[in-house]
1. Which order results if Val591, Val328, Val205 are arranged by neighbouring Cβ count within 10 Å, fewest first?
2. For Ser770, Ser718, what's the fewest-to-most ordering of other Cβ within 10 Å of each Cβ?
3. Can you bin the stretch 442-577 into rounded, prolate or oblate? Criterion: square roots of the alpha carbon gyration tensor eigenvalues sorted a ≥ b ≥ c, rounded for a/c under 1.5, prolate for a/b above b/c, oblate for the rest.
4. Would the stretch 169-579 count as rounded, prolate or oblate if I go by the C-alpha gyration tensor, calling it rounded below 1.5 in a/c and otherwise prolate when a/b exceeds b/c, oblate otherwise?
5. Rounded to whole Hz and in sequence order, give me ³J(HN,Hα) for the stretch 590-596 from the Karplus expression 6.51 cos²θ - 1.76 cosθ + 1.60, θ = phi - 60°, writing x for Gly and Pro.
6. Could you give the nm distance between label points at His561 and Phe737, where each point is 7 Å from its Cα heading toward the beta carbon?
7. Taking K and R as +1 and D and E as -1, what net charge do the other residues with C-beta under 13 Å from the C-beta of Ser555 add up to?
8. Would you mind classifying the stretch 614-685 by shape? Square roots of the alpha carbon gyration tensor eigenvalues, ordered a ≥ b ≥ c; an a/c under 1.5 is rounded, otherwise it is prolate if a/b is larger than b/c and oblate if not.
Amino acid sequence: MAPGKRLFRGKKRNFDERNARSQAKPKKGKFEYRKASYVKEREAKNEEVEARRQIVEEEKARQRLQETDSSEEEEIDSELLFMSRFPGYENLLEKLKKSVVTSSDSENEEYNEQNKNEKDKERKKKKRKEKKKNDEEKSRESETDEESCDHSKNEEVTDSMKEEDYEDAETAREDAGHLRDPFSLHLRNDMDDELYKVVSVTPQVTEIKTLAWPTLGNLLCRIPKPAVDSKDKAIKVRKLLDEEEKQYTNYGKVPSLIENIDWNKLHIKSQIQNNLIKANYHNIKDNMEKDSALLTPLQRELFSVINNYQDLYYPERTFSNADQIRFVYCLHVINHVLKTRTKILHHNSKLAKSNRSGMGEIPDEYRDHGLVRPKILIIVPFKHSCLKIVEMFISILFGEDKGGSVVNKLRFMEDFTGNELAIPKKNPKPKDYELTLQGNVDDKFKIGMAITKKTLKLYTNFYSSDIIIGSPLGLRRVIGAEGETVRDFDFLSSIELLIMDQIDVVLMQNWDHLYQVLDYLHLQPKKSHDIDYSRLRSWCVNGWTKYYRQTLIFSNIELPHVNTLLIRKCFNYAGKVKVANRTEPGSIHKVNIKIPQVFHRFEASDLVQAIDSRLEFFLKEILPRYMDPIYNHTLIYIPSYFDFVYVRNRMMKEKLSFAQICEYTEDRKVARARDMFFHSDAHFLLYTERWHYWRRTRIKGIRHLIFYQLPTYPHFYSEICNLMDRLYQNPRAGTEFNMSVTIIYNKFDAISLAQIVGQNRASEMITSDSKVHTIKC
């Protein structure tokens, strides 16, 4: 082996790195960034672009200077015309003109300095790294939102500049009394003393009339009527120490059905008339060939009541007619806001020309302000419902969003979409469950929006908004509770239109939140909020706003809670209209099992006593029968959570074998309770209605069923009864001959009982001498 060489076995010799490091490498010349060829080419291109941009900016700057000079001259001229009327201001014109000339010269100098600074900043910005494509798209969308905001701000400025010259012929005819618009007739005049006495008592003294319309069916109208008949004419009384006559509002009338749809005769603003066919096309497209009507029969009859500014309770909302109902009340909302805005602008121009500013100088017909700006409150349960309403607003106002017409739309779509509930495909839920909980089901939201001539602004401050949409929980968090330091409810002081859609879903959320919101309506504001006291309506000053508020309520079923709400919270002097149709044959005909259903009636004098009497009747008459081991697998269905707590505590006290499932039970405990009930480890299973509404769990192993109270939703009765089918039974737990259904009811459950067994049978079961009734399907 040669000296100085190492042995290696089966491998190549590695390169000796230490020798390589010792060898000196030739040094390369230092890289100069500025002398690189591609850098020089980039700088040349940037200089060309900069030169072109500079030329364009100079041209724009000249145009801006010309526009500002002309606008300033116009503003000075208008000020001089106004100020020259007063003594001592004759030389004001020359002084203002001199100040304008000097200011324009200084603006030119400042503009040149700003141009130089802008050039330096832009050169530095161009050397930064390029962003990714997704970031660029987001930045472009945000820029469009900013441009729309700037556009809306410019529109506000132009609108404020044109307020002095804005006059509306329709409003002028209304003020003169030549145009009988329901909006003006309802809100313009005060109530007389006799009408106030009738509407201020609870319950109101009303005249009841019944109507029969083709689509809505039976209408129950309650119109407040004093003893003195006004003969459908406005009452005029001469004021004391004044030659003018005081005009009072007309009494309420029974609504009349609209026969021919003419938007002008219905007093719909011309600004939105061309957009209504496209906005409502989804509902009327099936009848377009047969009939050229612009509204469906249901919409026409609903709008006949709504446009008359009367309260409406429609308990027959379904998933098929939901869009028709939404279009009708959204049209009414937009029309109300546009009329309010037009009237205020018209009166502003009239007052500016007449130079009247004192509180005693403004005529009564020019008093068009409320205590705060928000006039409309819409309460819905989910964000998805709010999304549908805003989309309908956009289609009615603009036909379609052409860009810039809706401010903060991108933010709104991000907040109110997504968060959808995952519906299982293996064990599908009922169809009504999927339709109710589609879209974003978040129930903590509120949003304010304002309408101008060409824009719809979203996420506006409540006191700068025309419309407020929110859920009961979202509004309750703003209102707060007594004792909290940060709370606000002044924005509810001047609500003229209250809409509650899907009110039955709100009942399944938390009914107390809704009542708390309604309790803070029309209270005296704690702050002024820039109130123009000289333009306040006289009935606002008197605290009569709740008597002028229109309330629209829509639900899938008739609820006794809403009937109580109509009595305690709705005081519209124009009256109330309720759709009251008979329900036949009821949901009991959908029960598939052939098991006798036994109805037990107990007596109670009032609703408060009924709660204790029901618990006592259940513990003494019903529960002892089912404590025998033969009646194993007994499910007790309880609609109210408070009743659930009472029954649970008594069963725990008596140490009975039971499991429980309520809306606050964890999923793992629910699985355990279901397993114990199916395998006979628990004799009873307490099951609440709210859990069933939100989860629709298929409870297996039910042999005996007790309805502690009738279900709120009539189809829940058939759903629970059909769970006793053979498919869901434990074959080792008993036979089909050992099964029973027991229902507890009293006379205050008449509405729920009629929806289950039918109107005729329910009246017999309540008035009959027998307290036990058996029905076999």
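Every read-out reported here was derived from the displayed coordinates using simple, explicitly stated rules and does not represent laboratory data. If you're wondering where the values come from, they're calculated on a predicted model, not measured in any experiment. Every residue, glycine among them, receives a Cβ derived from its backbone with ideal geometry; neighbour counts consider all protein chains shown.
1. Neighbour counts put them in this order, fewest first: Val205, Val591, Val328.
2. Ascending Cβ contact count within 10 Å gives the list Ser770, Ser718.
3. rounded
4. rounded
5. Residue by residue, the stretch 590-596 yields 8, 6, 8, 7, 9, 10, x Hz.
6. Spacing of the two 7 Å Cα→Cβ label points: 4.4 nm.
7. -2
8. Verdict is oblate for the stretch 614-685.
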